[in-house]
Each structure stands twice: as C-alpha cells, then as structure tokens.
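The block underneath contains the structure these notes are about, expressed in structure tokens.
The values are calculated or read from the model by the stated rules, or taken from the named source; none is laboratory data. Please read these numbers as outputs of a predicted model, since none were measured by experiment. Here the Cβ is made from the backbone with ideal geometry for all residues, glycine too, and neighbour counts use every protein chain on show. Note: accessible area is taken over every heavy atom of the protein model, side chains too, but ligands, DNA and RNA are not part of it. Shrake-Rupley method; radii C 1.70, N 1.55, O 1.52, S 1.80 Å.
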Amino acid sequence: MKLDILAFGAHPDDVELGCSGTIAKEISIGKKVGIVDLTRGELGTRGSIEIRNEETQKASKLLGITVRENLDMCDGFFVNDEKHQLEVIKMIRKYRPEIVLCNAIEDRHIDHGKGSKLVSDACFLSGLQKIETTVDGKLQESWRPKIVYHYIQWMNVEPDFVVDISAFIKVKTATILSYSSQFYNPNSNEPETPIATKNFLESIHYRSQDLGRLIGVEYAEGFTVERYLAVNSLSDLI
C-alpha cells in the first residue's frame, strides 16, 4: 500500500494536536494518509494503555486515515539508534510516502525532539540501498520521502509555512477531544497535568486562530522545514 503522506508521532495524540487539520484537508482532496505512533504513551499520568488505544481508534476513524500502526517503542526511553531507526525505516519502505510529517525538532517533552530526529534520520537512511530490511520474510526496496515537515507542539515555534485549515478546524477539535482521558475535563478525578488544563486546550484553538490571522484566514497550522521550500513560479505562493 502506497501512501501520499505518512505522519509520525512519539505518542498517540501528537499528530492530532499538531497537524490533524492539515491531514483532514489532504484526505478531502483524495490523498492517502497514514499515521505511525512510536509508543503507546504508557507513561502518561492519566488514563491507561487500553483507554489510549480506544481513543486512538476513535480519532483515526474521525480523521479518515487509511492506516495506523504503533511501533511499541518504550515511552520516555526510546533512543535514536540503529535498532529503532530500522523499525521506522520498515514503515517508510512499507508505505513509500512522498511526504513525512513528524514531531517538533525541539519541545517540552523529551520524546518529541528524540522522535523528530529519529524519524528524520530514518527517512534519509531508508533511501540507502545497502541497508536491508525485511517484512514477513520479504526484502524491502529502498525508499526516501521527498520531504520531511515538522509540526508545532508545546513550544511556540515560528513556522516556515502555514496551511489554511479553516474548513477542518471542527475535525481537528473532534480528533483531539477523542483523547478524553488526556485533556481538560472538569468532571475528571484524574491528576492535573500540563496538557489537562483548560488553558492548554484553549491554546490549541487560539494558536490555530493566530496563525490563521497572520495569513488572512480563520484557522491554520504551522510547520518547519529541514531545507528550503522550492516552487516553480511566484504564482505558486499565495
């Protein structure tokens, strides 16, 4: 199965928080999109693995993605080494995406920066023919995505470009709220965490509004790049 876009997140809900509006927009124009979560988010203070799995399934259905997988890496303790790179390479070669979306390069949670670098390095290594990987006993062909983009998370990173998601803010909000164990709920008896506050939930909406304001639309999501964006002509920039 070949995908147009493959989005990676260190934890379930990373992708929803960072770029679900953009993903919903791409799916609406016929693009095939998949998500790979590196961990189960098992160290999260609130909820459980079982609850998180149910929430992930609900969010995936709302988003309309083609496929979602979890690499079952160790939350908080996975590293960017050969073993973990090979697991990500297998996903890249399996789905052969043109575009990869991944965690913020630097962020509050240590897994976000680690996950970002791990996926970025794996995208490069996946294009090297002498690195051999097999799935179900079959040798995979090398594949390197055309581009890697990093979505914005906790920290207010200045984006290199933004995407108008005005028509998809309701989908983004719904997918985030699918993770009801993780975010603000006035009726919850779970311990309060930085992402379980009302302020954090409102900040996600406000950031989308603010980025939209800067480009003259209602809502937008921002991304950073690893290399210059290239366009064929000035008319491609609006």
- Item | Label-point gap, in nm, between Lys170 and Leu43 - each point 7 angstrom along Cα→Cβ | 3.8 nm
- Note on the structure: Here the percent of antiparallel bridges among DSSP beta bridges lying wholly in the chain, to the nearest 5, is 35 percent
- Task: Just list whichever of Lys114/Lys170; Lys32/Lys146; Lys2/Lys138 have alpha carbons separated by over 20 Å in the model shown.
- Result: Lys114/Lys170
- If each K or R counts +1 and each D or E counts -1, the residues other than Gly21 whose Cβ falls under 13 Å of its Cβ total -1
- Query: Please state the relative contact order of the chain as a whole percent: Cα pairs under 8 Å, 6+ residues apart?
  - Reply: 24 percent
- Ranked highest first by average number of other Cβ atoms within 10 Å, how do 53-60, 147-154, 8-15, 195-202 line up? 8-15, 147-154, 53-60, 195-202
- For the range 1-139, what is the charge dipole size about the Cα centre, in debye to the nearest 20, if Lys and Arg each add +1 at the Cβ and Asp and Glu each add -1 at the Cβ? 520 debye
- Would you compute the Debye intensity of the range 42-100 from its alpha-carbon atoms alone, equal scatterers and no solvent, and pass along log10 I(q)/I(0) at q = 0.25 Å⁻¹ to two decimals? -1.14
- Query: Once every DSSP H run of n ≥ 4 in the chain is given -39500 (n - 2.57) and the sum is divided by its residues, what mean residue ellipticity at 222 nm do you get, rounded to the nearest 500 deg cm²/dmol?
  - Reply: -12000 deg cm²/dmol
- Item | By accessible area with a 1.4 Å probe, ligands and nucleic acids excluded, highest first: order of Lys170, Lys25 | Lys170, Lys25
- To the nearest 20 debye, what charge dipole does the chain have about its Cα centre, counting +1 at the Cβ of each Lys and Arg and -1 at the Cβ of each Asp and Glu? 620 debye
- Message: At 1.4 Å probe size, put Arg213, Arg207 in order of accessible surface, largest to smallest.
- Response: Arg213, Arg207
- Tyr219 accessible area, assembled protein chains, probe 1.4 Å, Å²: 30 Å²
- Sum up the charges of everything whose Cβ sits under 14 Å from the Cβ of Asn53, counting Lys and Arg as +1 and Asp and Glu as -1, but leave Asn53 out. -4
- Task: Ignoring everything but the protein chains, give the 1.4 Å probe accessible area of Glu50 in square angstrom, nearest 10.
- Result: 120 Å²
- Note on the range 30-137: contact order normalised by length, alpha-carbon pairs under 8 Å, 6 or more apart, percent, works out to 26 percent
- Add +1 for every Lys or Arg and -1 for every Asp or Glu among the other residues with Cβ under 9 Å from the Cβ of Pro145, and state the total. +2
